[in-house]
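For reference, the structure is listed below as structure tokens.
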Amino acid sequence: MFVLRYTAGPFVRIIMGYKCAKTKGPGEPSLIIANHNSDLDPAFVSLAFSRHMYYVASEHALRNGFMSKVLAFVFAPVPINKSLADISAIKEILRRLKGGANVCLFAEGDRSFNGRTGYIAPSTAKLVRMSGAALITFRLEGGYFTTPRWGKRRRRGKMRGAPVGRYTAAQLKAMSDAQVMEIINRDTFEDAYARQGEDPVFFKGKDLAEHIEMALYMCPACGNIGDLHSKGDRLYCDCGLEAKYAGTGELSGEGVPFTTVTQWDDWQHSRLDGKIAAAGDGPICSDAGQMLFKVKAAAGNELVGEGVMQIDKNEFRCAGNAFPLKDITRIAVVGKMTLVFALTDGTSYEVKSRAPRSAVKYREIFKKLRGAV
């Protein structure tokens, strides 16, 4: 980590426009909890601290070829399965903290698609208090516009990172889970567009809107799901709606009622209940040309089939295979658009696509149907 800090550090600061102040952690082992908007967030956080720290990373990121081996060698991360409630990862986090190490956790478990810090499970507070370690909260700013999760290319602008709060193990012990949760939510919350309103930054790049349909899946003009497509700095709908995405992150265009991705995402999420009801027993949404893989952690993934993916109020179907929703424990999104889900029998699957499409809509529809958070 020492070598990485002094070799990759200048690259991160100059190329990514990142600034952070050096800080000292408390003398006791610490759990660092940060918001998450970039694949390089572990590097961004580490540059602010002098001591080595371990990271909690999606197991999916650790089985993607050569770079995964480099990641595993440099960071020795704690792997966690995003499609399951991973008890083994929690035990490993506690083991490393009790061994005197620092551990960094991106508690959302996901990068934001809309620029706003996502849901953090209340169990995070239980983990903090159970660990017996100190807590440092850390907030990253500017990452959403520099490397939007849905974006095809990186943009150049400004990024910042800094610790927000420091809480000793003794202080945390005197708090309730609810009080610790309030601290975590308050200190790590970031709204990229609100930040732009306070301190505007222009993020320069090419093809600024390309692949934004991975985040925005419902058209505000016709209400259809899956008819949005992007090219260059434009987002189009088959109905004729056209929006332009600017370097400030703002959206504009005739008939476009939203100026931010966050506003658009809030609206489409609010309309899902109506879409589900209108679909009746039929498919709520669908995508063609999807590849279904069965996850085999040690031997790699096995291609099950290729075909249409769709979801209705009872089943999730892909490539001719039907999975009752009652048998699915969780649906998650890995990377930009890989859909992962696990069954009650412990089997896991991934769905990939060659063409840009939203995986988020399936996750959100599943959560609505199952009453999940």
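The values are calculated or read from the model by the stated rules, or taken from the named source; none is laboratory data. Note that the coordinates shown come from a computational prediction; the quantities given were computed from them, not determined experimentally. Cβ coordinates were reconstructed from backbone atoms using ideal geometry, including for glycine residues, and neighbour counts include every protein chain displayed. All accessible areas refer to the heavy atoms of the entire protein, side chains included, with ligands and DNA or RNA removed. Shrake-Rupley method; radii C 1.70, N 1.55, O 1.52, S 1.80 Å.
Key figures
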{"item": "So THR344, is it touching an Asp or Glu at 6+ places or on another chain (Cβ under 7 Å) and either open to solvent by less than 50 Å² (accessible area, probe 1.4 Å) or over 24 Å from ALA215 (Cβ atoms) (or both)", "result": "yes"}
{"item": "Residue ID - surrounded by the most Cβ atoms within 10 Å (Cβ to Cβ), chosen from residues in the range 185-209 that are small (Gly, Ala, Ser) and over 18 Å from PRO163 (Cα atoms)", "result": "ALA209"}
{"item": "Every pair of residues 6+ apart whose Cβ atoms lie under 8 Å, when the first sits in the range 123-134 and is at positive phi while the second is open to solvent by less than 10 Å² (accessible area, probe 1.4 Å) and of a type outside the set (Phe, Trp, Tyr)", "result": "GLY132/LEU97"}
{"item": "Subset of the range 277-294 (residues that are on the phi < 0 side of the Ramachandran plot, touching a residue at least 40 places away in the same chain (Cβ under 8 Å) and open to solvent by 30 Å² or more (accessible area, probe 1.4 Å))", "result": "SER286, PHE293, LYS294"}
{"item": "Meets criteria (under 29 Å from ASP233 (Cβ atoms), open to solvent by less than 60 Å² (accessible area, probe 1.4 Å) and touching a helix residue (DSSP H, G or I) at 6+ places or on another chain (Cβ under 6 Å)) for LEU272", "result": "yes"}
{"item": "Checking THR248 against (1) out of contact with any strand residue (DSSP E or B) (no Cβ under 9 Å at 6 or more places or on another chain); (2) over 30 Å from ARG160 (Cβ atoms); (3) open to solvent by 30 Å² or more (accessible area, probe 1.4 Å), the condition it does not meet", "result": "(2)"}
{"item": "Residue, least open to solvent (accessible area, probe 1.4 Å), within the range 251-263, restricted to residues that are over 22 Å from LYS206 (Cβ atoms) and part of a helix (DSSP H, G or I)", "result": "THR262"}
{"item": "The one condition in (1) at pLDDT 65 or above; (2) loosely packed, with under 12 Cβ neighbours inside 10 Å; (3) not charged (D, E, K, R) that LEU47 fails to fulfil", "result": "(2)"}
{"item": "Residue ID - farthest from GLN196 (Cα to Cα), chosen from residues in the range 237-248 that are of a type outside the set (D, E, K, R) and in a loop (DSSP other than H, G, I, E, B)", "result": "CYS239"}
{"item": "Residue in the range 347-365 that is among the polar types (S, T, N, Q) and not in a strand (DSSP E or B) present", "result": "yes"}
{"item": "Listing of strands (runs of 3 or more DSSP E) fully contained in the range 133-236 that carry 3 or more residues being among the polar types (S, T, N, Q) and in contact with a helix residue (DSSP H, G or I) (Cβ under 6 Å, 6 or more places away or on another chain)", "result": "none"}
{"item": "Selection count where residues are open to solvent by less than 60 Å² (accessible area, probe 1.4 Å), over 21 Å from PHE366 (Cα atoms) and out of contact with any Leu (no Cβ under 6 Å at 6 or more places or on another chain), scope the range 295-329", "result": "2"}
